[in-house]
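Student: Okay, here's the structure, questions in a sec.
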Amino acid sequence: MADIKWYVVHTYSGYENKVKANIEKSIQNLHLEDQILSVEVPMQDVVEIKNGQKKTSQKKMFPGYVLLHMDMNDETWYVVRNTRGVTGFVGPESKPVPLTDEEMAHMGIHEPELEVDFEVGDEVKVIAGVWKDTVGQIRAINMSKSTVTIGVDMFGRETAVEISFLDIRKM
């Protein structure tokens, strides 16, 4: 079981969004979607008054930093650390130290509570992706990855397939 935590990387000032885009592209190219779940540049709404006019804009909460919700292992460390614009992970001697849940709550970032209307044993139909129109029975539910493992009949044998919550519909 992967140990998914929030980590912080330091970037060149002004490169936060570019670093986010580069990491997201690497995630897609290297198929690390199950190891690096989220890349965030925390923003906050700021109300400015100029010439008597109220103007709301968004500013970076932590200029020069990007937050990553990921499983820290050699592969993910290497991918993030070698992304153009990243100067290193935040921690002693650049050794990544995960943020605590309390620290994340203070920043207003928390895990969304998911509620699903299916359970292990339910019959579902896949509505998108490679397995579209396939019917199977739920064998396992992974809330942290938002996936279900279903058993599908392939060549006369049941095969386990992992499918996103968004790609299934209860029958």
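Student: Of all residues in the range 2-37, how many are on the phi > 0 side of the Ramachandran plot and open to solvent by 70 Å² or more (accessible area, probe 1.4 Å)?
Tutor: Selection size over the range 2-37: 1.
Student: Still on this structure, I have one more. Go through the range 62-73 and give me each residue that's under 16 Å from Trp6 (Cα atoms) and outside any strand (DSSP E or B).
Tutor: Phe62, Met72, Asn73
Student: Residue under question is Asp74, and the condition is that it be free of Cβ contacts under 8 Å to residues at least 12 places away in the same chain, open to solvent by 70 Å² or more (accessible area, probe 1.4 Å) and more than 18 Å from Tyr12 (Cα to Cα); does it hold? Please lay out each step first, then the result.
Tutor: Working: free of Cβ contacts under 8 Å to residues at least 12 places away in the same chain: yes; open to solvent by 70 Å² or more (accessible area, probe 1.4 Å): yes; more than 18 Å from Tyr12 (Cα to Cα): yes.
For Asp74, the condition - free of Cβ contacts under 8 Å to residues at least 12 places away in the same chain, open to solvent by 70 Å² or more (accessible area, probe 1.4 Å) and more than 18 Å from Tyr12 (Cα to Cα) - is met.
Student: If I filter the range 61-71 for residues that are open to solvent by less than 70 Å² (accessible area, probe 1.4 Å), more than 27 Å from Ser144 (Cα to Cα) and touching a residue at least 24 places away in the same chain (Cβ under 8 Å), do I get at least one hit?
Tutor: yes
Student: Somewhere in the range 57-73, is a residue among the acidic types (Asp, Glu) and modelled with pLDDT under 90?
Tutor: There is no residue in the range 57-73 that is among the acidic types (Asp, Glu) and modelled with pLDDT under 90.
Residue by residue, here is whether (1) over 20 Å from the mean Cα position of the chain (by Cα); (2) open to solvent by 80 Å² or more (accessible area, probe 1.4 Å); (3) at pLDDT 85 or above holds:
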site: Val39; (1), (2), (3): no, no, yes
site: Asn82; (1), (2), (3): no, yes, yes
site: Val90; (1), (2), (3): no, no, yes
site: Pro96; (1), (2), (3): no, no, yes
site: Ala105; (1), (2), (3): no, no, no
site: Pro112; (1), (2), (3): no, yes, no
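Student: May I ask you to list the residues in the range 154-171 that are in contact with a strand residue (DSSP E or B) (Cβ under 8 Å, 6 or more places away or on another chain) and either among the polar types (S, T, N, Q) or farther than 23 Å from Ile4 by Cβ (or both)?
Tutor: Scanning the range 154-171 gives Glu158, Thr159, Ser164, Arg169, Lys170, Met171.
Student: For the range 66-80, which positions are of a type outside the set (A, V, I, L, M) and within 17 Å of the chain's Cα centre (by Cα)?
Tutor: Within the range 66-80, the subset of a type outside the set (A, V, I, L, M) is 69, 71, 73-78.
Listed by number, the residues that qualify are His69, Asp71, Asn73, Glu75, Thr76, Trp77.
Student: Give all pairs with beta carbons closer than 6 Å in which a residue from the range 24-36 that is of a type in the set (S, T, N, Q) meets a residue that is part of a helix (DSSP H, G or I) and open to solvent by less than 100 Å² (accessible area, probe 1.4 Å); count only pairs at least 6 apart in sequence or on separate chains.
Tutor: Hits for this filter: Ser26/Val79; Gln35/Thr76.
Student: Still on this structure, please answer the following. List the number of the failed condition for Ile150; all other conditions in (1) open to solvent by 30 Å² or more (accessible area, probe 1.4 Å); (2) in contact with a Lys or Arg (Cβ under 9 Å, 6 or more places away or on another chain) hold.
Tutor: Every listed condition holds for Ile150 apart from (1).
The values are calculated or read from the model by the stated rules, or taken from the named source; none is laboratory data. All values reported here derive from a predicted model rather than from experimental measurement. Using ideal geometry, Cβ is built from the backbone for each residue, glycine included, and neighbour counts are taken over all protein chains shown. For the accessible areas, the whole protein counts, side chains as well, though only heavy atoms, and no ligand, DNA or RNA atoms are used. Shrake-Rupley method; radii C 1.70, N 1.55, O 1.52, S 1.80 Å.
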